[in-house]
Amino acid sequence: MRGFAPILIVTALLATVPLITSSNVVLNFLVVALLIALVGQGWNLLGGYGGQYSFGHAAFFGTGAYATAILQVQYGINAWLGLLIGIAAGALVGAVIGALSFRSGLKGSYFALVTLAFAEVLRIIASVAPITGAGVGTLIKLDLRPEAFQFQSRAPFYWIILALVGLSLVLIRMIEDSRFGAYLVALRENEDAAQALGVNTTMVKLLAMTISAAITAAGGCFYAQYFLFIDAGIAYGPWISVEALLAPIIGGIGTVFGPLLGALVVKTLGELTKLMTGDAPGLDLVIYGSVLILVIAFAPRGISGILLDLQRRLRSLRRAAPASLGGGHG
Amino acid sequence: MLSSVILVPAVLNGLMTGAVYALIALGLTLIYGVLHIINFAHGALLTAAMFAAFFAHTLLGLDPYVAALGLTPLFFLLGYGLQRFVIGPAAHGEDRNILLVTLGLAVVIENALLYAFRADTRTINLPYAFDVVEVGTAFLAVPRVIAFIVVVAVALALWLIMRWTDTGKAIRAVAKEKRGAELVGIDVAHIYAVTFGLGTACLAIAACLLIPTYYVNPQAGNAFVLIAFTIVVLGGMGSVTGALIGGLFVGVVESLSSLYLGESLGQIGIFAMFILVLLFRPSGLFGERA
């Protein structure tokens, strides 16, 4: 059970927020941050633990979002069932793209390119296909009943996205302890060596991509339910691909809490920018991009890396303090 | 349907468009060939160059072809500086980091342009923009013919630089064997930055060739760069000949497919080609390495 207690504590603490405040601004901010944390956790499994950097996680986010929305609007299927089908659809898209690219041996730059291209193809298709509402987008009808996955207040939405994030944290923590997780980290560090030791790296990457896509698709489904509107640019646009990798990298790549930490920091920065400059388009992304470059340059292990370093330095300071005092007198 | 009266102009126009694609792809492939990275900021830098050409015309009254003379060295310096002082130091020599840093740069540049100039689409009016020349049965727009000629000249100039100058030789040495080049005293960080500068300078020229007939908005460059990615993958990453032939080829394919299929489907055609080549022949049609 090591490592699970912090997840429980953090989730439980966050769960009390709606009891403390009913401010829509605060809850809305946290819902969006948790949404990015969930999407980022998906990216983190494949990119952080597996070392396969996808630039097209929008493909999974958008598929989840569109699946949920289209099933409800066109086929009258219940939204909760839509959530499950959306996750499955996202996982399927992940498996297909993964199978195609990993079997062709694409890695590094090539993998980033091909994922980007798939997301763009889906975006173009969604912007012309009639079933997605083409350029107009898809509007989910207002139906404020819990059975329809819609609520009067933001608190239930908040608890649902928090539960999804909590589940993803537990899942990633379990993967860390599993054989599959060990294989994944091994192939990140040295794919040839892992293969030589008998790890079926293609299968491991494929499984990682499928789970990764499923987690990110869950975020897409939630987005559709929360905002009740999607179009091709929102669902399959590059913004979500960027935020998906931004959160884990800034928070701490390949760590359980990295995406959550990163999402909170990134969204706080975004809100601060908006407060200071008004709602100027583009400026928040300028800040995100700069932070991304700065983190890679100066703190490659992200915020959790900085925190761990600080903790270590404090501990060694405490240990060193009496000795250096003694030394000073001597 | 296949009458030469329609087909010949479509092919010729495709070649003209393809030439500019080739120039953009040339910059991308040059950088890949030497630094072994895909520059994800290529599109944003092209957009920046297009804005520069646009404002050179509207604020300074410079004809784009004249502005190219100033913008090319300017963008060479910009590219040099970016690689030398941002990408190189930030990436710590790790390929994965370089990917992310160039992506970060793309996000910063694109959104800084969006913040500064909003999402408005702008165009410039030139007296000769709609002039045509008659080539056989085809009427070709003058700016496109100029673009074609300039691209051929630039490709030739690049070839001469690579073949005959010391810097060119050093670039080729670094591309082939980085460690060996280091050992004989070549400053690899400098050569990397020069290469990145040359790739960025290609974009400044491409922007000046595009702006007479095209529009600019903060995302204008992206469409071209996705095509350039396709060309570079098609022609083999790092292959200059591949980029040139691939560029012309894609230009013709696009022209013919929009003739027969319509605009938006033509775009998907390019992506489909891109993904198929990546999946089944990632070394490209002309490349040697897998």
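To keep it simple, each residue is scored yes or no on (1) in contact with a Cys (Cβ under 8 Å, 6 or more places away or on another chain); (2) within 10 Å of chain B (Cβ to nearest Cβ); (3) surrounded by 24 or more Cβ atoms within 10 Å (Cβ to Cβ).
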site: A:Ala58; (1), (2), (3): no, no, yes
site: A:Val73; (1), (2), (3): no, no, no
site: A:Ile77; (1), (2), (3): no, no, no
site: A:Gly82; (1), (2), (3): yes, no, yes
site: A:Gly94; (1), (2), (3): no, no, yes
site: A:Ser101; (1), (2), (3): no, yes, yes
site: A:Gly105; (1), (2), (3): no, yes, no
site: A:Tyr110; (1), (2), (3): no, yes, no
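Hey, could you check region A:103-119 for residues that are of a type outside the set (Gly, Ala, Ser) and within 19 Å of the chain's Cα centre (by Cα) and say which is farthest from A:Arg188 (Cα to Cα)?
A:Phe118
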task = Give region A:277-288 a look and list any residue that's in a loop (DSSP other than H, G, I, E, B), surrounded by 11 or more Cβ atoms within 10 Å (Cβ to Cβ) and more than 22 Å from the chain's Cα centre (by Cα), or say none.
result = A:Ala280, A:Pro281
request  = Determine whether region B:227-239 contains at least one residue that is closer than 25 Å to A:Thr115 by Cα, buried (at least 24 other Cβ atoms within 10 Å of the Cβ), away from chain A (no Cβ under 12 Å) and at pLDDT 85 or above.
outcome  = yes
task = Give the residue that is farthest from A:Val265 (Cα to Cα), with candidates limited to residues of region A:21-63 that are β-branched (Val, Ile, Thr) and within 9 Å of the chain's Cα centre (by Cα).
result = A:Val39
note = Residue pairs within 6 Å by beta carbon, gap of at least six or interchain, first lying in region B:74-93 and without any contact (Cβ under 8 Å) to a residue 24 or more places away in the chain, second buried (at least 19 other Cβ atoms within 10 Å of the Cβ), listed first then second, are B:Ala90/A:Ile293; B:Ala90/A:Ile296; B:Ala90/B:Val101; B:Ala91/B:Asn97; B:Ala91/B:Ile98; B:Ala91/B:Val101
query = Looking at region A:1-54, which of the residues that are of a type in the set (Ser, Thr, Tyr) and in a helix (DSSP H, G or I) is nearest to A:Arg173 (Cα to Cα)?
reply = A:Tyr49
ask   = Does B:Ala22 satisfy the condition of being farther than 21 Å from B:Ala175 by Cα, more than 14 Å from chain A (Cβ to nearest Cβ), of a type in the set (Gly, Ala, Ser) and in contact (Cβ under 8 Å) with a residue 60 or more places away in the chain?
value = no
inquiry  = Condition first: more than 30 Å from A:Gly233 (Cα to Cα) and of a type in the set (Gly, Ala, Ser). Now tell me which residues in region A:175-221 satisfy that.
reply    = A:Ser178, A:Gly181, A:Ala182, A:Ala186, A:Ala193, A:Ala194, A:Ala196, A:Gly198
request  = Those residues that are more than 14 Å from chain B (Cβ to nearest Cβ), of a type in the set (Val, Ile, Thr) and out of contact with any Phe, Trp or Tyr (no Cβ under 9 Å at 6 or more places or on another chain), I need them from region A:250-297; list them, please.
outcome  = A:Thr255, A:Val256, A:Val265
message = Please go through region B:35-47 and give me each residue that is more than 14 Å from B:Tyr214 (Cα to Cα) and part of a helix (DSSP H, G or I), ordered by number.
response = B:Leu35, B:His42, B:Gly43, B:Ala44, B:Leu45
ask   = In region A:124-136, how many residues are part of a helix (DSSP H, G or I) and more than 10 Å from chain B (Cβ to nearest Cβ)?
value = 4
remark   = Exactly one of B:Thr195, B:Thr200, B:Thr213, B:Thr230 is part of a loop (DSSP other than H, G, I, E, B), under 30 Å from B:Phe117 (Cα atoms) and of a type outside the set (Gly, Ala, Ser), and that one is B:Thr213
inquiry  = Need the failing condition index for A:Met203 against (1) in contact (Cβ under 8 Å) with a residue 60 or more places away in the chain; (2) closer than 17 Å to A:Gln52 by Cα, just the number.
reply    = (1)
message = Suppose we filter A:Lys274, A:Lys267 for residues that are free of Cβ contacts under 8 Å to residues at least 12 places away in the same chain, touching a helix residue (DSSP H, G or I) at 6+ places or on another chain (Cβ under 7 Å) and assigned to a helix (DSSP H, G or I); which single one remains?
response = A:Lys274
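The values are calculated or read from the model by the stated rules, or taken from the named source; none is laboratory data. For clarity, every value in this text was computed on a predicted model and none was experimentally measured. Virtual Cβ from ideal backbone geometry, glycine too; neighbours counted across all protein chains shown.
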